[in-house]
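Enquirer: Please find one structure pasted underneath; my questions will follow.
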Protein chains: 2
Amino acid sequence: MRRKVTLKQIAKELDVSISTVSKSLRDSPEISEDTRQKVQAFAKLYNYKPNNIALSLKNKKTKTICIIIPEIIHHFFTTVISGVEHVANEKGYNVIVCLSDESFDKEVINMEMLANGSIDGFIMSLSKETQLKKDYHHITEVINQGMPVVMFDRVTNDILCDKVIIDDFLAAYNATQYLIDKGFRKIGLISTVDYVSVGKHRTDGYCKALQSNEIPVDDKMILKIEDTNDFEKEIEQLFQTTDLDAVFAVNEIFAVTAIKIARKIGKKIPDDLSIIGFTDGIISKYSSPSITTVSQNGVKMGEKAAKMLIEKLEIEDDDFEEQYKTEVIETELIERESTK
Amino acid sequence: MRRKVTLKQIAKELDVSISTVSKSLRDSPEISEDTRQKVQAFAKLYNYKPNNIALSLKNKKTKTICIIIPEIIHHFFTTVISGVEHVANEKGYNVIVCLSDESFDKEVINMEMLANGSIDGFIMSLSKETQLKKDYHHITEVINQGMPVVMFDRVTNDILCDKVIIDDFLAAYNATQYLIDKGFRKIGLISTVDYVSVGKHRTDGYCKALQSNEIPVDDKMILKIEDTNDFEKEIEQLFQTTDLDAVFAVNEIFAVTAIKIARKIGKKIPDDLSIIGFTDGIISKYSSPSITTVSQNGVKMGEKAAKMLIEKLEIEDDDFEEQYKTEVIETELIERESTK
DNA sequence: TTTCAACACGAAAACGTTTTCGATTCTATA
DNA sequence: TATAGAATCGAAAACGTTTTCGTGTTGAAA
């Protein structure tokens, strides 16, 4: 077991000072060719690598960013991670992934823990509970300490910071309009409870589309799901109490479950019922029938968020004009087999 | 913007020494009640939190572990992350997630980057390319430096370290036997290339089960997929050149794709063809028909791996008897709709 | 020979902690 | 009152770097 070698050890071994070793390794012109080569050879032999922690302490930069997501089970979030990872690694940053499990407390703990020097900045999507409580003190706290934060997808207007979102309202509007254009009039909605920001926006877009086409919004056709554990019954009830010819679901789990329930009660997809989902995830693609869906490019969101964060991190502190941007990622409707 | 306050600043402000501040905050008996309260009050007011990096440098412990996975798209790996996160957080550790993208180089870079003080230990599953090259120098290097490594799922016998696996051979054997018990004889296999360790073991289990039942192994019924990008054609060809009544697929992507192709060429699932997958992931559950599968409890694997790693980290260096364990996680067959 | 610059290197501070040990003051006992 | 011992605090080292600045040596020009 050969422990890592330090500058001090090299210095001692070669009988020079620590400074000389450091400078030699960084090719400082102050050092003579002779000693430089001697030191470098020795360092290579013992596989010297500078200690990251010491560097972090000295530079006050850790070259590490943290992404906090509510759940890892939603494929969308894993694609965001993938995007973040990609550009972060490219720029020499590491990524710490934290899961809030939709819990306010876990979100707070994670942030407080990491904000004390461990990382340089946050990329995050709000947990359900945080959105419900509307308590963002932990985030403002971090921002006030001068640590940049980029929010994505589930964001809030109560916080001033960089954001990456899609136009949930417009995407839902277009999806609904697509169904209307196909001739459907009895269009159901399977959404989340309103305090989840994106759920609210998508619900609004759905309603607006109906209104624009002078189709009355019928609350009986709208299902807002709170508990993700046992929502199959609710969907089944929706299908049995209403006579829908199309459904817009705000995520792919809801969409695929709707398909399953519809089948169970004897409806053929898409012949008897057309379904549009949200998020072009792995389920939509591999489900049979594959699901027509609003693509929400998670990789692109992650990449963009990481770029914005790292940009903020690398501008000199001199020209710190606080300019917050909100980037809107394009969505598109991917037509597959669940609509006709 | 109120920057983080340090011990030095508090000391200066209260006109005491840094040591006194530090001791006061840690409730040292050396300090008088008076000054202790004074310091603590001041610290609370200014929301003092110790700097993690400084602590890491001092303690030579970062309280951070890294998990390296080949791909985040496989739901199995995300469940492992979830398990690791869970116990790590419980024990006060942070988790850095790295994606090797099945690339040897990325695996090496990630490990070399983080091994220099940034983290305390690794949890990892080998990339395809690493398994192909059989080059594990980066891993032995890390282990030789005294940093514990726990491997899971895709492991190798060439490295001595703690491991968490399932019995791939037995699980595949049982799955195949299950099909045989149902009366099937023409059982196809959709596997990965042999250098992926788990693919090889599952293939062996399949073959062994056939042999035990005196069913000849027919290479034409075995498809080994190398390129994950365009394997649909290969599966289609398999179905057209052979007349199978059942298929065992070594992961859920292969399984769901097999269903899709089978449907496409007019076969009904499970009436004309029964299919068993591997990994009880999100696809298997939500696919319709839902997929009978070998459950490979990723959460449990992650939890176990994290526990083993943290245990290694927290034993005193005194009693360092190198004892490596290999933990085998139970699998079970989950019967769903894709078999009859 | 003197002087000055270039050259080569080392000492020390700094990042923010914790901890050991020494120093000073106070209290109580002889 | 002298003194031992407790109580209270500060100096400094240590973790591993980088970097500024100072210092000594060398060579060449005056």
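The values are calculated or read from the model by the stated rules, or taken from the named source; none is laboratory data. Bear in mind the structure is a predicted one, so any value in this text is a computation, not a measurement. Methodologically, a virtual Cβ is constructed for each residue, glycine included, from the backbone with ideal geometry; neighbour enumeration extends over all protein chains shown. Note: accessible area is taken over every heavy atom of the protein model, side chains too, but ligands, DNA and RNA are not part of it. Shrake-Rupley method; radii C 1.70, N 1.55, O 1.52, S 1.80 Å.
Enquirer: Checking B:ASP168 against (1) farther than 30 Å from B:ASP272 by Cβ; (2) without any contact (Cβ under 8 Å) to a residue 40 or more places away in the chain; (3) within 20 Å of the chain's Cα centre (by Cα): exactly one of these is not met. Which one?
Expert: Looking at each condition in turn, B:ASP168 falls short on (1).
Enquirer: Still on this structure: Taking A:ILE310, is it in contact (Cβ under 8 Å) with a residue 60 or more places away in the chain and in contact with a Phe, Trp or Tyr (Cβ under 6 Å, 6 or more places away or on another chain)?
Expert: Judged against the criteria, A:ILE310 is not a match.
Enquirer: Also: Output yes when any residue across region A:60-78 is buried (at least 19 other Cβ atoms within 10 Å of the Cβ), under 11 Å from A:GLY302 (Cα atoms) and among the β-branched types (Val, Ile, Thr), and no when none is.
Expert: yes
Enquirer: Quick one: A:GLU252 ticks every box in (1) more than 11 Å from chain B (Cβ to nearest Cβ); (2) buried (at least 21 other Cβ atoms within 10 Å of the Cβ); (3) on the phi < 0 side of the Ramachandran plot except a single one, so which number is it?
Expert: (1)
Enquirer: Moving to a separate point now. Within region B:277-288, identify whether any single residue is charged (D, E, K, R) and modelled with pLDDT under 95, and answer yes or no.
Expert: To start, the set of residues in region B:277-288 that are charged (D, E, K, R) comprises B:280, B:285.
The next check asks that each one be modelled with pLDDT under 95; those that pass are B:280, B:285.
The answer is yes, given that some residue of region B:277-288 is charged (D, E, K, R) and modelled with pLDDT under 95.
Enquirer: If you go through region A:296-309 one residue at a time, do you hit one that is buried (at least 21 other Cβ atoms within 10 Å of the Cβ), closer than 25 Å to B:SER284 by Cβ and modelled with pLDDT of 90 or more?
Expert: Initial filter on region A:296-309 (buried (at least 21 other Cβ atoms within 10 Å of the Cβ)): A:296, A:298, A:301-306, A:308-309.
Restricting the remaining residues to those that are closer than 25 Å to B:SER284 by Cβ gives A:296, A:298.
Filter again for modelled with pLDDT of 90 or more, leaving A:296, A:298.
Yes, there is a match, as at least one residue in region A:296-309 is buried (at least 21 other Cβ atoms within 10 Å of the Cβ), closer than 25 Å to B:SER284 by Cβ and modelled with pLDDT of 90 or more.
Enquirer: Based on what the data block shows, is B:TYR136 over 17 Å from the mean Cα position of the chain (by Cα), of a type in the set (Ser, Thr, Tyr) and assigned by TED's automatic domain parsing to the domain that holds B:GLU314? Walk me through it before giving the result.
Expert: On the way: over 17 Å from the mean Cα position of the chain (by Cα): yes; of a type in the set (Ser, Thr, Tyr): yes; assigned by TED's automatic domain parsing to the domain that holds B:GLU314: yes.
Criteria met by B:TYR136.
Enquirer: Kindly check whether there is at least one residue in region B:63-73 that is closer than 30 Å to B:ASP153 by Cβ, more than 10 Å from chain A (Cβ to nearest Cβ) and free of Cβ contacts under 8 Å to residues at least 60 places away in the same chain.
Expert: Scanning region B:63-73 turns up at least one residue that is closer than 30 Å to B:ASP153 by Cβ, more than 10 Å from chain A (Cβ to nearest Cβ) and free of Cβ contacts under 8 Å to residues at least 60 places away in the same chain.
Enquirer: Looking for something within 13 Å of the chain's Cα centre (by Cα), on the phi < 0 side of the Ramachandran plot and within 14 Å of chain B (Cβ to nearest Cβ) - is there at least one such residue anywhere in region A:305-312?
Expert: Checked region A:305-312: at least one residue is within 13 Å of the chain's Cα centre (by Cα), on the phi < 0 side of the Ramachandran plot and within 14 Å of chain B (Cβ to nearest Cβ).
Enquirer: Filter region A:102-150 down to residues that are away from chain B (no Cβ under 11 Å) and open to solvent by 50 Å² or more (accessible area, probe 1.4 Å), then give me how many there are.
Expert: Counting residues in region A:102-150 that are away from chain B (no Cβ under 11 Å) and open to solvent by 50 Å² or more (accessible area, probe 1.4 Å) gives 7.
Enquirer: Quick one: B:PRO29 ticks every box in (1) farther than 16 Å from A:SER118 by Cβ; (2) within 14 Å of another protein chain (Cβ to nearest Cβ); (3) open to solvent by 60 Å² or more (accessible area, probe 1.4 Å) except a single one, so which number is it?
Expert: (2)
Enquirer: Name the single residue, out of those in region A:77-101 being in a helix (DSSP H, G or I) and free of Cβ contacts under 8 Å to residues at least 40 places away in the same chain, that is nearest to the other protein chains (Cβ to nearest Cβ).
Expert: Residue satisfying both the conditions and the ranking: A:ASN89.
Enquirer: So which residues in region A:38-62 are within 16 Å of DNA strand C (Cβ to nearest atom) and more than 9 Å from chain B (Cβ to nearest Cβ), if there are any at all?
Expert: Scanning region A:38-62 gives A:LYS38, A:VAL39, A:GLN40, A:ALA41, A:PHE42, A:ALA43, A:LYS58, A:ASN59, A:LYS61.
Enquirer: For region A:218-236, does any single residue satisfy the condition of being in a strand (DSSP E or B) and among the basic types (Lys, Arg)?
Expert: So far as region A:218-236 goes, yes, one or more of its residues are in a strand (DSSP E or B) and among the basic types (Lys, Arg).
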